[in-house]
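Notes for the one structure printed next.
The values are calculated or read from the model by the stated rules, or taken from the named source; none is laboratory data. Predicted, not measured: the structure shown is a model, and the values here were computed from it. Here the Cβ positions follow ideal geometry from the backbone for every residue, glycine too, while neighbour counts run over all protein chains shown. Just the protein is used for accessible areas: all its heavy atoms, side chains included, with ligands, DNA and RNA removed. Shrake-Rupley method; radii C 1.70, N 1.55, O 1.52, S 1.80 Å.
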Amino acid sequence: MAMLRRTRRAVPAIAAVLAGGALALSGAGSAQATGHTSAAMRPMDGGTCTGNWHYIGSPGNFSMYGEYAGQVQQLWDSSCNQTQAHWQWAGQFQSDHARDNPTVCVALVSPTSGKVEPYACGDINQKNVSSYGWVHDGNPDDWRAQANMWTANRNCYNDAWGTDHWYGGADWASPHDGGGC
């Protein structure tokens, strides 16, 4: 029964990931995938973000083929209330599985309000993948960094996420480690 619930939850996530991946491949998401700040990611008040990033909570770790593949974690820029879902591939996994060409997509997700900031996607050749969003974009204001990964042949799919953090001052849920294949 738990597997059925997880599968039902995964179907909308897979659709969102595929839509996000299509955006990234079309070039619309390339600024987010490379981590550069675009006009859409500047503070809403017209000010400037200082890049004063703080780690929020704990990361979600991901394993594939029985090996640590990387982790996703949420960061927050206190100067402008910008958030970041940041993925980093494990170097050993990159060298061991480059031929398998897995892809990862990351986004900030508010599991309570159902709000999802835009996904950014990158393959195993890209060391870091980041997606950006804003604190106070959801109600309630809780966010987690989420990563969805699959193999090039799409035979394996899974997800991981970091701590669900409420920006009123508490962590609402622990990280979820993902893995498979």
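Can you name the strands (runs of 3 or more DSSP E) wholly within segment 50-115 that have at least 3 residues being among the polar types (S, T, N, Q) and over 16 Å from G179 (Cα atoms)?
Output list reads 82-89.
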Practice item. For segment 128-151, indicate whether the set of residues that are open to solvent by 30 Å² or more (accessible area, probe 1.4 Å), in contact (Cβ under 8 Å) with a residue 60 or more places away in the chain, touching a Phe, Trp or Tyr at 6+ places or on another chain (Cβ under 8 Å) and on the phi < 0 side of the Ramachandran plot is non-empty. Key: yes
Revision key, fill the gap. V135 meets each of (1) aliphatic (A, V, I, L, M); (2) within 22 Å of Q82 (Cβ to Cβ); (3) at pLDDT 90 or above with one exception, condition (3)
Exercise for review: Tell me, please, whether a residue that is in a loop (DSSP other than H, G, I, E, B) and at pLDDT 90 or above can be found in segment 32-49.
Suggested key: no
Check your understanding: So is D159 outside any loop (DSSP other than H, G, I, E, B) and surrounded by fewer than 17 Cβ atoms within 10 Å (Cβ to Cβ) or not?
Key -> no
Revision key, fill the gap. Here the residues within segment 82-110 that are more than 16 Å from Y157 (Cα to Cα), of a type in the set (S, T, Y) and open to solvent by 20 Å² or more (accessible area, probe 1.4 Å) are S95
Revision key, fill the gap. Reported set for segment 112-126 where residues are open to solvent by 60 Å² or more (accessible area, probe 1.4 Å) and either modelled with pLDDT of 95 or more or under 24 Å from S174 (Cβ atoms) (or both) is T112, K115, V116
